[in-house]
Amino acid sequence: MSWQASFPTKVFFGRGVVQEQAMELQTLGSKALIVTGKGGSSRRNGALDDVCAALEKASIEWEIFDEVEANPSVGNVRRGSEIARSIKADFVIGVGGGSPIDAAKGIAIVRLNEISDEDLFNLNYGEVLPIVAVPTTAGTGTEVTSASILTSDKFQTKIGIRSTSLIPKIAYLDPAYTSQMPWQITADTAVDAYSHAIESYLSFKNTPLSTLFSEKALHILGRELKVIAQKKELKSKNRDALMYGSYLAGMAISLTGVSIPHAIGYSLTYFKGLSHGQANGIVLPAWLEFNVKKSQSPRITTALKASSLQSVDELHYLMEILCGKPPVSTVEERNLFVEQSLQSKNMYNNIVIPQKEDVIHIIEHCLG
Ligand code: NAP
Ligand code: ZN
């Protein structure tokens, strides 16, 4: 047995941690760019005020870039980078869901490296600014991963940039920011976190340590998905569990990466406008069926068991409640999704490496 692990992020979990641990920020510099979403949710949920108060307390100057779109594009990152450069930011703080945090990671690169899209996606860059993450959704795990997922119109898809320099130095995880999150965003982001846990658990790159994280995340998130499906108001303990589960799933994918559902899901987001979690959730049951057919691994059964699910059918039923029906698509569109998803490296992380016919079958099955 051989494996590697490195967990460079200083994580603070709990209500009030941003202000309590404000002084931690002083280690990163004296000028920060706060990067947040354009919809204003971080103003409404209190995260932005807390971050500004923490910076004030730590005597750090800041500017706010509040134009991040969902599934941020490279252009969106370039706009933020201009501001970071003009104020000579020493570090960036992503406040919001995965989109603002991933945009902050992109800005951390482009602020110090004036590079082409190709160089950005091929990791041809030098130093990167330190990154702080303050998630306000419980889903992506980007607060501990080395990835920034950006939308490229040039390549008509979402592309993951991965390097250890993109792992945040500090992550403040305060579940209070998620307490007023609408039902559909709660469902989408929880399904994303669940996808991370199960894709990592069923990755051929799994290690004893990634399994510790993914199995625990499956336990927590499997239970919480069923609570969300009841459509009742969530309690604080559910919000805490979702943020913890999402963090654990993020730790798991930081060791293994994601796999087929994400590779296909990127096309569903780019071409059909589905949210990231919804796109994954629509693919999950067909992908699991594929694994059942093509793999002898006992992990498929244990993954379902850990998630408190009896069968793939039960997962399918749950995903329909949480993510809705698949979008209508034409044969031409489905062919395009096949070609695009085969380009994603994530496709080849699964316990069984799919052939093109398998990908066609999975896409037909989930969209048919
Ligand atoms: P998101 O795109 O960041 O946000 C979705 C929506 O939720 C936005 O309208 C946002 O509003 C709103 N929102 C955020 N927090 C809220 C809150 N507390 N209350 C109410 N509304 C809130 O969603 P996400 O699912 O967290 O992130 C998805 C992105 O992360 C995708 O681009 C995906 O590819 C990426 N991702 C990255 C990794 C990684 O390891 N790097 C892993 C998985 C996914 P605002 O407009 O105000 O922000
Ligand atoms: Zn994801």
Requested in this report: Output the antiparallel fraction of DSSP beta bridges having both residues in the stretch 117-230, as a percent to the nearest 5.
Outcome: 75 percent
Query raised in the report: Hey, in the GNM for the chain with a 10 angstrom Cα cutoff, which one of Tyr177, Tyr194, Tyr317 fluctuates hardest?
Result: Tyr317
Query raised in the report: Under 29 Å from the Cα of Lys10, which lysines turn up, not counting those fewer than eight places away in the same chain?
Result: Lys31, Lys38, Lys57, Lys88, Lys105, Lys158, Lys169, Lys205, Lys216, Lys235, Lys237, Lys345
Query - Reciprocal mean inverse distance between Cα atoms of the stretch 298-368 - Kirkwood radius, Å - result: 14.0 Å
Requested in this report: Express the relative contact order of the stretch 142-252 as a whole percentage, based on alpha carbon pairs under 8 Å and six or more residues apart in sequence.
Outcome: 31 percent
Query - Distant-in-sequence amide H partners of Glu67 (H built 1.01 Å from N, under 5 Å) - result: Thr36
Query raised in the report: Once the principal axes of the Cα atoms of the stretch 222-291 are found, what is the range along each, listed largest first in whole angstroms?
Result: 35, 29, 24
Report summary line: the chain: antiparallel bridges as % of DSSP beta bridges, rounded to 5, reads 25 percent
Requested in this report: Would you mind calculating the relative contact order of the stretch 245-368 from Cα pairs under 8 angstrom and at least 6 residues apart, reporting the percent as a whole number?
Outcome: 38 percent
Report task. Divide by every residue of the chain the summed helix terms, -39500 (n - 2.57) for each DSSP H run of at least 4, and state the resulting mean residue ellipticity at 222 nm, rounded to the nearest 500 deg cm²/dmol. Result -> -16000 deg cm²/dmol
**Report entry** Karplus (6.51, -1.76, 1.60) ³J(HN,Hα), θ = phi - 60°, over the stretch 223-238, in Hz, Gly and Pro reported as x
**Finding:** 5, 5, 4, 5, 5, 4, 4, 6, 6, 9, 5, 7, 8, 4, 5, 6
Query raised in the report: Tell me, what ³J(HN,Hα) does each residue in the stretch 172-185 have, in order and in whole Hz, if you take phi through Karplus 6.51 cos²θ - 1.76 cosθ + 1.60 with θ = phi - 60° and put x for Gly and Pro?
Result: 9, 10, 10, x, 4, 5, 9, 5, 9, 5, x, 4, 5, 5
Query raised in the report: Could you name the aspartates and glutamates in cross-link range of Lys294, using Cα to Cα under 18 Å and dropping any fewer than eight places away on the same chain?
Result: Glu199, Asp313, Glu357, Asp358, Glu364
Query - Descending Cα extents along the principal axes, the stretch 16-136, whole Å - result: 40, 29, 20
Report summary line: HN-Hα couplings for the stretch 207-220 via Karplus (6.51, -1.76, 1.60; θ = phi - 60°), in whole Hz with x for Gly/Pro, come out as 10, x, 6, 4, 5, 4, 5, 5, 5, 5, 5, 4, 4, 5
Query - Cα-based Rg of the stretch 85-177 normalised by 2.2 N^0.38 Å, two decimals - result: 1.04
**Report entry** Amide proton proximity set for Leu173, modelled H, under 5 Å, gap of 5+
**Finding:** Phe12, Phe13, Gly14
Query raised in the report: Can you give me the relative contact order of the chain as a percent, contacts being Cα pairs under 8 Å and 6 or more apart?
Result: 15 percent
**Report entry** Among Trp287, Trp62, Trp183: highest mean-square fluctuation, GNM of the chain, C-alpha pairs under 10 Å
**Finding:** Trp183
Requested in this report: Multiply the residue separation of Lys38 and Lys235 by 0.36 nm, subtract the distance between their alpha-carbon atoms, and state the gained length in nm to one decimal.
Outcome: 68.2 nm
**Report entry** DSSP beta bridges in the stretch 1-158 [antiparallel fraction, %, rounded to 5]
**Finding:** 10 percent
**Report entry** Taking only Cα atoms of the stretch 40-99, radius of gyration then Dmax in Å
**Finding:** 12.0, 33
**Report entry** Per-q log10 I(q)/I(0), the chain, q = 0.09, 0.10, 0.13 Å⁻¹ (Debye; single scatterer per alpha-carbon; no solvent)
**Finding:** -0.46, -0.57, -0.98
**Report entry** Most mobile listed residue (Val132, Val35, Val331) in the chain, GNM with C-alpha springs under 10 Å
**Finding:** Val331
Report summary line: With Cα coordinates, the longest principal axis of the chain makes an angle with the long axis of helix 356-367, in degrees rounded to 10, of 80 degrees
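Where a number appears in this text, it was derived from the coordinates with a stated rule and is not lab data. Nothing here was measured: the structure is a model prediction, and the numbers come from that model.
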